[in-house]
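Working notes for the structure below.
Read-outs: derived from the displayed coordinates by stated rules, not from any lab. Small disclaimer: the values here were computed from a predicted structure and weren't measured. So basically every Cβ, Gly included, is an ideal-geometry build from the backbone, and we count neighbours across all protein chains shown.
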Amino acid sequence: DCLDVVVVGSCMTDLVSQAPRLPKAGETIHGHKFFIGFGGKGANQCIQAARMGARTAMVCKVGKDFFGDNYIQNFKNNCVSTELVKQTDEAATGAASIIVNDAGENAIVIVAGANMLLGDEDLQHAWPVLSRAKVLVCQLEISPDTSLQALRMAQQRHVKTIFNAAPAIPDLSADFYKASDIFCCNETEAELFTGSAVSTVEDAGRVGLELLKRGCGSVIITLGPQGCVVVQSADATPVHVPTSKVTPVDTTGAGDSFIGALAFYIACCPELSLVEMAKRANLVAAISVQSVGTQTSYPHRGDLPAELF
Ligand code: RIB
Ligand code: NA
């Protein structure tokens with residue numbers, strides 16, 4: 001009855017428009033498709049871990065509204081425990097307006113709403129479940145204080161912590177690094193945290209080492225089509241982990257697919273090295289970019305080659 005992966009994080013309803021390109025300020029353009037999907041970095045990561053076979057629970061807050069009701073059903077449909085999902089009438093379920101261009105790139109505005117009301121009381125409530133899990137995953141779409149508190153609570157009980165510092169905030173408190181067994185971010189986020197440009201694999205290695213010095217156990221910087229770079233405190237030589245070459249259709253949530261898969265491997269295949277886990281998580285995320293949507297594109301265990309398990 002102990003869980004593999006607990007996510008303390010966000011739920012968003014994704015309102016997605018596909019258009020040939022992203023509009024400029026003040027411009028109206030025609031898109032060719034609109035759809036509503038389940039998103040939010042926290043929930044995305046939890047759903048990917050669950051689809052790979054991890055026993056998961058989500059700790060989050062949604063509104064007492066149609067989107068919130070629907071989201072809870074979505075967790076149930078994906079075998080994610082909803083025992084710690086709360087509904088509030090003080091704010092609406094989080095929403096993300098997303099535009100995806102023909103190159104599969106996106107621009108996103110999130111209105112976090114109910115996500116921002118997840119707080120101390122909810123964490124106290126989650127403590128019995130959280131303290132016995134194998135892995136905790138947090139991001140930055142809820143109040144940063146809540147994320148940090150959850151990471152610290154987990155660390156105190158030797159639950160492995162994965163912190164996905166996304167979306168990046170300037171002046172991220174140094175405490176986040178110390179509370180992260182694995183600190184993950186993408187190249188743009190890494191630039192914001194360090195002030196140095198990340199355009200090559202070498203840059204990522206350098207910046208990864210810099211982040212590592214701030215006190216986390218390991219750093220993973222994701223690089224989209226270039227895979228990722230892993231830096232570990234035990235062996236401070238950055239390792240580049242390339243990924244398979246695919247034609248992207250929609251890259252929205254690919255980073256979340258990666259983190260969710262990584263959480264699965266840490267919890268359920270602890271005998272693998274971190275580099276091997278990152279390699280396999282890259283391949284899972286590469287599948288997600290080849291179809292439309294966020295969670296709709298996340299593979300299930302049965303869709304994946306046996307070598308990944
Ligand atoms: O990382 C992708 C996610 O970011 C989307 O699902 C959207 O909800 C935003 O939170
Ligand atoms: Na996708």
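Some observations on this one:
- When the alpha carbon gyration tensor of the stretch 156-309 is reduced to an equivalent ellipsoid, its three semi-axes come out at 24, 18, 14 angstrom, largest first.
- Loop exposure criterion: trypsin sites (Lys or Arg not before Pro), DSSP state outside H, G, I, E and B, at most 14 other Cβ atoms within 10 Å. Applied to the chain, the longest stretch between such sites is 25-131.
- Neighbour-limited loop hits for chymotrypsin sites (Phe, Trp or Tyr not before Pro), the stretch 225-308 (at most 10 other Cβ within 10 Å; DSSP other than H, G, I, E, B): none
- Cα-based equivalent ellipsoid, the stretch 159-230: semi-axes from gyration tensor eigenvalues, Å: 18, 13, 11
- Each principal axis of the chain carries a Cα extent, and these read 50, 42, 42 Å when sorted largest first.
- Beta bridges from DSSP with both residues in the stretch 1-127: antiparallel share about 45 percent, rounded to the nearest 5.
- Both radii were evaluated on the Cα set of the stretch 1-150; the Rg over Rh quotient, with Rh as the Kirkwood radius, amounts to 1.02.
- A Förster radius of 22 Å, combined with the Cβ-Cβ distance separating Asp235 from Ala174, puts the computed FRET efficiency at roughly 0.40.
- When each of Lys41/Lys178; Lys134/Lys245; Lys41/Lys134; Lys245/Lys279 is checked by Cα-Cα distance, pairs over 24 Å: Lys134/Lys245
- Each residue of the stretch 268-278 was assigned a 3J(HN,Hα) from its phi angle through the Karplus expression (A = 6.51, B = -1.76, C = 1.60, θ = phi - 60°), giving 9, 10, x, 6, 6, 6, 4, 5, 5, 4, 5 Hz with x at Gly and Pro.
- Relative contact order (percent, whole number), the chain, Cα cutoff 8 Å, 6+ residue spacing: 19
- In order along the stretch 111-125, the phi-based Karplus estimate (6.51 cos²θ - 1.76 cosθ + 1.60, θ = phi - 60°) of 3J(HN,Hα) comes to 10, 5, x, 4, 4, 6, 8, 6, x, 3, 4, 5, 5, 4, 5 Hz; Gly and Pro are listed as x.
- Helix-derived mean residue ellipticity, 222 nm - over the chain, DSSP H n ≥ 4, -39500 (n - 2.57), to 500: -10000 deg cm²/dmol
- Computed from phi, the 3J(HN,Hα) profile of the stretch 187-203 under the Karplus parametrisation 6.51, -1.76, 1.60 (θ = phi - 60°) reads 4, 5, 5, 4, 4, 5, 6, 10, x, 10, 5, 10, 10, 10, 4, 5, 4 Hz, with x in place of Gly and Pro.
- Alpha-carbon radius of gyration plus Dmax, which is the widest Cα pair, for the stretch 72-140 in Å: 15.3, 46
- The C-alpha atoms of the stretch 81-194 occupy a region whose extents along the principal axes are 45, 37, 24 Å, arranged from largest to smallest.
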